[in-house]
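S.K.: This is the structure, below, for whatever I ask next.
Every number here is computed from the coordinates shown, using simple stated rules; none is lab data. What you are looking at is a predicted structure, and each value in this text was computed from that prediction instead of being measured. Note that we place each Cβ from the backbone using ideal geometry, even for glycine, and neighbour counts take in every protein chain shown.
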């Protein structure tokens, strides 16, 4: 298995270890406390959640503007942006790396996408690969390519406070209906060692005659917790899960020179621990117990090894989401 940090970095880590190690120990103490507080926060959210009156949809279509894998002629990136269309409207789900990724704007132009074509924007969580780039995350401000056009005051549903210029912002605190006949799970939390507490929401749809479709960003709260919240919102079975599961076991789609970023940041574990095959097996078990029929997997935060294991281990039909592709569900 390749190193998460190149040996070329090891002398630097050795030299800086007198500063790094005490800082990591302090952070580890805080991390353990955060795990307990996040667990209690999510417990309260489950307890307070109630049924959401999801309308029955005749169809749901996902058009992928940004993904790690691509259809011919489209640009790839380790970030996601999907147009979700239904018979009741449409929303844009996430902004990938925004203007920092020229491919997002080029893909949007190729598909003819403009913000004025959707009824709302929904942001899964406030990380660079979902809210518009590294500068967007640093400034806590959504950013998108100029090719998207002017937001024109359309609603933007956020899992936490952030600036969203040109949008009518709504900070989501619990499950609720969204435009286009969709709903949100509301934010669920996960304590990430290097990134702190992350609040993430997933999109939920009710497809006539099929059941529930769940669309995730990274799945940081774990698919187990996401599906638990869905069960609080509706008694219908989950038909499909689409999006990220954050399983960079052997490789990281997002890399910096000598560093496999997703294998260190955002794992929910200290940097000296890895996401393992046991974590993958638990994810497969949860999805199989839910008896889902379709899995549309994002590779933006998932290695090829994990994707192959999901393909063989899941009882569901598994496909990989690709930039430029469209995926339709019909009632």
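S.K.: Among 67, 109, 85, 146, rank each residue by its count of other Cβ atoms within 10 Å, from fewest to most, as a rough exposure measure.
M.R.: Result, fewest neighbours first: 146, 109, 85, 67.
S.K.: Defining a contact as two alpha carbons under 8 Å apart and six or more residues distant in sequence, what relative contact order in percent does region 42-101 show?
M.R.: 27
S.K.: Let me ask something additional. Using the Cα atoms as the points, what is the convex hull volume per residue of region 163-263 in Å³?
M.R.: Measuring per residue, one finds 141 Å³ for the Cα hull of region 163-263.
S.K.: Something else now. Mind pulling the angle between the C-alpha long axis of helix 277-289 and the longest principal axis of the chain? Nearest 10 degrees, somewhere in 0 to 90.
M.R.: The answer is roughly 20 degrees.
S.K.: Something else: Taking 0.36 nm per intervening residue step and subtracting the Cα-Cα distance, what contour gain separates residue 138 from residue 231 on full extension?
M.R.: Using 0.36 nm per residue and subtracting the Cα-Cα distance, I get 30.0 nm.
S.K.: Another question, then. Is region 78-186 rounded, prolate or oblate when judged by the Cα gyration tensor, a ≥ b ≥ c being the square roots of its eigenvalues, rounded requiring a/c under 1.5 and prolate requiring a/b larger than b/c?
M.R.: oblate
S.K.: At 0.36 nm per residue, minus the direct Cα-Cα distance, what do residue 277 and residue 326 gain on full extension? Give it in nm, one decimal, please.
M.R.: The residue 277-residue 326 span can extend by a further 14.6 nm.
S.K.: D for region 205-331, whole µm²/s, Stokes-Einstein with Kirkwood Rh over alpha-carbon pairs at 20 °C and 1.002 mPa s: what number?
M.R.: 142
S.K.: In whole percent, what relative contact order does region 198-289 give with Cα contacts below 8 Å and a gap of six or more residues?
M.R.: Normalised by residue count, the contact order of region 198-289 is 23 percent.
S.K.: Quick check of the Kirkwood formula: for region 6-103, what is the inverse mean of 1/r over all pairs of different Cα atoms, in Å?
M.R.: This gives a value of 18.8 Å.
S.K.: Measure nothing but the geometry: give the 0 to 90° angle between the long axis through the Cα atoms of 304-313 and the longest principal axis through the Cα atoms of the chain, rounded to 10°.
M.R.: Roughly 50 degrees, rounded to the nearest 10.
S.K.: With both bridge residues required to lie in the chain, what share of the DSSP beta bridges run antiparallel, to the nearest 5%?
M.R.: 55
S.K.: A further question follows. Using only Cα atoms and rounding to the nearest 10 degrees, what angle (0 to 90) does helix 223-233 make with the longest principal axis of the chain?
M.R.: Result, in degrees: 30.
S.K.: Candidates (1) 28, 58, 15, 0; (2) 32, 56, 12, 0; (3) 32, 60, 8, 0; which is the computed P(r) over Cα pairs in 20 Å bins from 0, in percent?
M.R.: (3)
S.K.: Also, quick follow-up: Sort region 151-220 into rounded, prolate or oblate with this rule: let a ≥ b ≥ c be the square roots of the eigenvalues of the Cα gyration tensor; rounded if a/c is under 1.5, and if a/c is not under 1.5, prolate when a/b is larger than b/c, oblate otherwise.
M.R.: oblate
S.K.: Among 52, 171, what is the fewest-to-most ranking by other Cβ atoms within 10 Å?
M.R.: 171, 52
S.K.: Take every Cα pair under 8 Å in the chain that's 6+ residues apart, average their separations, divide by the length, and report that relative contact order as a whole percent.
M.R.: Normalised by residue count, the contact order of the chain is 20 percent.
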